[in-house]
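For reference, the structure is listed below as structure tokens.
What follows is calculated from the coordinates using simple rules that are stated; it is not laboratory data. As the structure is a computational prediction, the values presented were derived from the model and not from experiment. All Cβ positions, even for glycine, are placed from backbone atoms using ideal geometry, and neighbour counts span all protein chains on display.
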Amino acid sequence: MTTETPIAMDVDALRRAADAACRLMKVLSNPDRLLLLCQLTEGEKRVGELEMLVGIAQPTLSQQLSVLREEGLVTTRREGKHIYYQIASPQALALLGTLAEQFCEPQEKHTC
């Protein structure tokens, strides 16, 4: 009979990972930011496109996009007068995919 030695977990590393996960979930917990990121899962979008797609007024839109930039979830590029946004975080993209599967995809109807 063999006894397995439990693998020691690096508590500091786990704490850092938990902190990072909590920061990401906190950003995603705002409905406006979540809507913006959902739109960006389909690809890069101009600020004007985002405003039209999600129906968020310009001051709020700018504020929420700023939070997403500061948290490193999106990147921007400028082309003339236009600023384009795209998702920069693979972790956010993975979570958005899971959220879409759970909340946005049509549920198959089951009969009992």
- Note on the structure: Farthest towards the positive end of the dipole of the chain, among 50, 97, 13 and with Cβ unit charges of +1 on Lys and Arg and -1 on Asp and Glu, lies the Cα of 50
- Message: Treating only the Cα positions of the chain as identical point scatterers, give the base-10 log of I(q)/I(0) from the Debye formula at each q in 0.10, 0.13, 0.17, 0.24 Å⁻¹.
- Response: -0.41, -0.60, -0.85, -1.39
- Message: Need one number: nm distance between label points at residue 53 and residue 104, each 7 Å from Cα along Cα→Cβ, rounded to one decimal.
- Response: 0.9 nm
- Query: Using a simple charge model, +1 on the beta-carbon of Lys and Arg, -1 on the beta-carbon of Asp and Glu, nothing else, what dipole does region 24-112 show about its Cα centre, in debye to the nearest 20?
  - Reply: 280 debye
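How would you rank 93-104, 11-22, highest first, on the average number of other Cβ atoms within 10 Å across their residues? Don't skip to the answer; put the middle values down first.
Details: 93-104: 11.9, 11-22: 10.0.
Order by mean packing, descending: 93-104, 11-22.
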- In nm, the gap between the two label points placed 7 Å beyond Cα toward Cβ at residue 12 and residue 75 is 3.0 nm
- Query: When the label point is put 7 Å from the Cα of residue 91 along its Cα-to-beta-carbon vector, which residues of region 25-39 have a backbone N closer than 13 Å?
  - Reply: 25-28
- the chain, helix-only ellipticity at 222 nm - DSSP H runs n ≥ 4, -39,500 (n - 2.57), divided by all residues, nearest 500: -17500 deg cm²/dmol
- Message: Could you derive backbone 3J(HN,Hα) for region 9-14 from the dihedral phi with the Karplus parameters 6.51, -1.76 and 1.60 (θ = phi - 60°), listing whole Hz in sequence and x where the residue is Gly or Pro?
- Response: 8, 7, 4, 5, 5, 4
- Message: Loop only by DSSP, 16 or fewer other Cβ within 10 Å of the Cβ. Give me the trypsin sites (Lys or Arg not before Pro) in region 58-92 that pass, ordered by residue number.
- Response: 81
